[in-house]
Amino acid sequence: MAQFGFCLLLLFFGLIHHIKSHIKKEDQTGVMERPNFIIILADDIGWGDLWVNSTPTTPHQNPDFHSPASTCSPSRATLLTGRHGLRNGVTHNFAWGSVRGLPLNETTFAQVLHDAGYYTAIIGKWHLGHNGSYSPVHRGFDYYFGICYSNDMGSTDKPGLDLPSCPPCVHSQYTTRKHEECYTEVALPLFENETIIEQPLDTWSLKNRYASAAVKQIFTTSFSKKQPFLLYVALAHMHVPLFHNSFLNVTTQDPFTASLSDMDSLVGTIMQTVSTEQLENTLIWFTGDNGPWEQKCQFAGHVGPFVGKWQATGGGSAKRTTWEGGHRVPTVVAWPKKIKPNSTSRALLSGLDIFPTILSLAGVKPPSDRRYDGNDITDILLNDSDTAHKSLMHPNSGAAGQFGDLQTIRLKHHKAFYITVGSVTCGGRSGQQQYQDPPLIFDLSQDEAEETPLNPESDEYRSVLKEVEREREALLWDIATDKVSLADYTVIPAAVSCCQPHNPTCRCHSLK
């Protein structure tokens, strides 16, 4: 699987390199144009699914890049606001019946860019509220096309590949079909702006529809609107249920590889469009929202060497955990003539950094009445600087502890755990939550598998612990004295997305 991921990455990188051969001439006026931004966020992708090697055409990559949380909604909210969940209020996932979403007093990078004259669009998964003012088109985006939450949160006529396998939508009000781990009551909706245009959605056609929508937005902006743009593409790949183009003719023996290829093709289409339209002043940032969902067995990705061996007998080390496999994600950034190809940064970076970096490159400032957790990493991307986070806090994301609490701390190459647990594994095994006093501390430079913690009696341990406690206490105090939000997680049946409430599973024909 890793070798196949490498081949896919080469294709991805090859498309990026192709951009360099179709460069527009510089604007002779000497006026610096504001860059376009394309942020591509893969879902449930593992570090080991792509990271294997690099070539001369590889863009800037960062192997020590971390998602800001280890599950969907918190990771996305933090990426969009540049603020930890304890600040923005989003500490766990919203449901299909959630009344609200990302608190309305939180500001997304789309809102800031939109107010600064950017055209903004989102294609794909939102998962931060789908009703009224919580819809993407009220959070800074001019256009939305996609699924308002995860692609497993609704039934379809042709279910994708999942474990357990879920039944198709019912077609009669007299038919009852329930499955404990499947959403069977309401079909999966496809939105355009605030309107459901199809329910249930055919996920097997989703790759082509997302690609077409993304290309259309790029064309619309570059030809008609004549303004810089932000395109946020939040993929359904590699979240279950998996799907892929039928032309691949792949059996269920290798469904993950087929879906990964599907994702590569979608990303390649976007890259090719940027190249064809000679949009050289476009920064493209590819990353992931969290690690793979190990519980899904052959339908899940791979964490690479970050296996969390310390608790390997007591659960998984990926999605929902704060082990490296839960939040270390593959990340590449490309910008023709700006970012050197085949460059690698070993700096400690995070999805928190996307917010301040793109705003800085656009020449705009975020609201000044609140504090932020990300860093502007422009110098790392453009000037090979290695100045990055001294420390990162990894929030509890469902496997252990209180949602959002910062009980795992990365300090340079050390990592401290105040609480440990393993997520549910492929075989159904899970670990037992344990509070660690004193905390476990690993040296990732020598032990990336997180197998053997430092001896608490050692000088190294004592020195690291003092600094860890100082960093953690400083951040917690900063949050306690900041303007913070509180998300409302109320769920009611009336809040479920439904285009025809009187039809079984809210079924409606395509409305467009």
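If a/c stays under 1.5 just call it rounded; otherwise compare a/b with b/c (prolate if a/b is bigger, oblate if not). Do that for region 401-480, with a ≥ b ≥ c from the square roots of the Cα gyration tensor eigenvalues. Let's see the in-between values first.
Details: a/c = 2.08, a/b = 1.22, b/c = 1.70.
It is oblate, given that a/c is not under 1.5 and a/b is not larger than b/c.
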Per-residue accessible area for residue 254 at 1.4 Å probe radius, Å² rounded to 10?
-> 60 Å²
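Among the listed pairs 125/296; 319/340; 340/412; 365/412, which have their C-alpha atoms separated by more than 23 angstrom in this model?
Values: 125/296 20 Å; 319/340 32 Å; 340/412 25 Å; 365/412 28 Å.
In this structure, 319/340; 340/412; 365/412 lie more than 23 Å apart at Cα.
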Each residue of region 159-166 in turn: what ³J(HN,Hα) in whole Hz from Karplus with 6.51, -1.76, 1.60 and θ = phi - 60°, glycine and Pro shown as x?
-> x, x, 8, 8, 9, x, 6, 9
Whose amide H sits under 5 Å from the amide H of residue 385, counting only residues 5 or more places off or on another chain, with H placed in the peptide plane?
-> 380
Grab the other residues whose beta carbon is less than 10 angstrom from that of residue 88, score K and R as +1, D and E as -1, and report the net.
-> +1
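For Cα pairs less than 8 Å apart in space and 6+ apart in sequence, what is the mean separation divided by the residue count of region 352-434, i.e. the relative contact order in percent? Intermediate values should be presented prior to the final figure.
Values: 104 pairs, mean separation 14.3, N = 83.
The value is 17 percent.
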With residue 122 itself left out, Lys, Arg at +1 and Asp, Glu at -1 over residues whose Cβ is under 12 Å from its Cβ give +1
Expected vector for region 94-108, Karplus 3J(HN,Hα) from phi with 6.51, -1.76, 1.60 and θ = phi - 60°, integer Hz, x for Gly and Pro, equals 7, 9, 5, x, 5, 6, 10, x, 3, x, 5, 8, 8, 10, 8
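Only helices at least 24 Å long along their own axis, judged from Cα atoms, and with Kyte-Doolittle mean hydropathy of 1.6 or greater: name those in the chain from DSSP H.
On the way: long enough: 2-19 (26 Å, 1.82); 255-276 (31 Å, 0.47); 459-480 (32 Å, -0.77).
Flagged H segments are 2-19.
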Out of residues 5 or more away from residue 149 or on other chains, whose amide H comes under 5 Å of its own, with H placed 1.01 Å from N in the peptide plane?
-> 126, 127
Can you list the residues, at least 5 places off or on another chain, whose amide H is less than 5 Å from the amide H of residue 350, using H built in the peptide plane?
-> 66
Scoring region 374-512 by relative contact order with C-alpha pairs under 8 Å, at least six apart, yields a percentage of 13 percent
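Near residue 427, within a Cβ-to-Cβ distance under 14 Å, what is the net charge of the other residues, with Lys and Arg +1 and Asp and Glu -1?
Counting the neighbours of residue 427, the net charge comes to +1.
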One finds the C-alpha centres of region 112-149 and region 283-300 to be spaced, in Å, by 22 Å
Once phi is turned into θ = phi - 60°, what whole-Hz ³J(HN,Hα) does the Karplus curve with 6.51, -1.76 and 1.60 give for every residue of region 422-435, x standing for Gly and Pro?
-> x, 6, 5, 8, 4, x, x, 7, 9, x, 9, 4, 9, 7
The extension gain from residue 383 to residue 467, computed as 0.36 nm times the residue separation minus the Cα-Cα distance, is 27.3 nm
Could you pull out every one of the aspartates and glutamates with an alpha carbon less than 17 Å from that of residue 226, ignoring same-chain neighbours closer than 8 positions?
-> 26, 27, 33, 115, 142, 277, 280
Taking a label point 7 Å from the Cα of residue 477 along Cα-to-Cβ, the residues of region 375-411 whose backbone nitrogen sits under 20 Å from it are 390-394, 406-411
Checked region 132-289 against the a/c 1.5 cut and the a/b vs b/c comparison, axes a ≥ b ≥ c from its Cα gyration tensor; verdict oblate
To the nearest 10 square angstrom, how much accessible area does residue 279 have with a 1.4 angstrom probe?
-> 20 Å²
Could you check the simple spin-label distance between residue 460 and residue 445, using points 7 Å along Cα→Cβ, in nm with one decimal?
-> 0.9 nm
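Helix-derived [θ] at 222 nm for the chain: sum -39500 (n - 2.57) over DSSP H runs of at least 4, divide by residue count, nearest 500? Before the final figure, lay out each step's value.
On the way: 11 runs with 120 residues, N = 512.
My calculation for the chain gives -7000 deg cm²/dmol from helical runs alone.
The values are calculated or read from the model by the stated rules, or taken from the named source; none is laboratory data. It should be emphasised that the depicted structure is a prediction, and the values quoted were computed from it without experimental measurement. FYI the Cβ positions are ideal-geometry reconstructions off the backbone, even for glycines, and counts take in every protein chain you see. Accessible surface areas use protein heavy atoms only, side chains included; no ligands, DNA or RNA. Shrake-Rupley method; radii C 1.70, N 1.55, O 1.52, S 1.80 Å.
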